[in-house]
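I have placed the structure first, in the form of structure tokens, so that the comments after it can refer back to it.
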């Protein structure tokens with residue numbers, strides 16, 4: 001295992017990966033990459049995510065500079081989200097991960113089934 005002397009930036013890398021690599025962040029980035037600008041409820045509906053989790057995820061993605069939040073002072077208020085330039089640069093690795101997951105779903109399910117069968121015997 002690497003320690004701080006061998007990898008002085010490992011802790012910082014871990015912080016970034018824990019944010020951008022979590023399930024909901026990846027799905028939000030994929031949705032915004034595919035559809036462009038979306039309102040909060042559109043994202044919520046597309047992802048099947050709770051309001052609280054989406055709100056937390058969007059705040060963290062905005063804090064990390066991956067997502068823009070635009071507030072329109074209308075009645076009712078309108079808030080839209082889209083990817084920043086840095087968020088756009090994250091599209092390729094996130095898309096690759098998403099496509100990899102889709103391509104390997106059957107293999108993963110088979111491996112899980114085999115593992116579970118062995119574990120119960």
### Radius ratio Rg over Rh of the stretch 1-76, counting only Cα atoms, Kirkwood formula for Rh
1.11
### Message
Given points 7 Å out from each Cα along the Cα-Cβ axis, report the residue 78 to residue 44 separation in nanometres with one decimal.
### Response
1.8 nm
### Task
Please give, to one decimal in nm, the separation of the simple spin-label points placed at residue 88 and residue 35, each 7 Å out from Cα toward the Cβ.
2.0 nm
## Note on the structure
Most packed first (mean Cβ within 10 Å per residue), the peptides 68-78, 82-92 order as 82-92, 68-78
## Note on the structure
For the chain the mean separation of alpha carbon contacts under 8 Å (6+ apart) over residue count, i.e. relative contact order in percent, is 23 percent
### Query
What nm distance separates the two modelled labels at residue 53 and residue 68, each placed 7 Å from Cα along Cα→Cβ?
2.8 nm
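Computed from the coordinates by the stated procedures, all read-outs in this text should not be read as laboratory data. Since the model is a prediction, treat every value here as computed from it, not as a measurement. Every residue, glycine among them, receives a Cβ derived from its backbone with ideal geometry; neighbour counts consider all protein chains shown.
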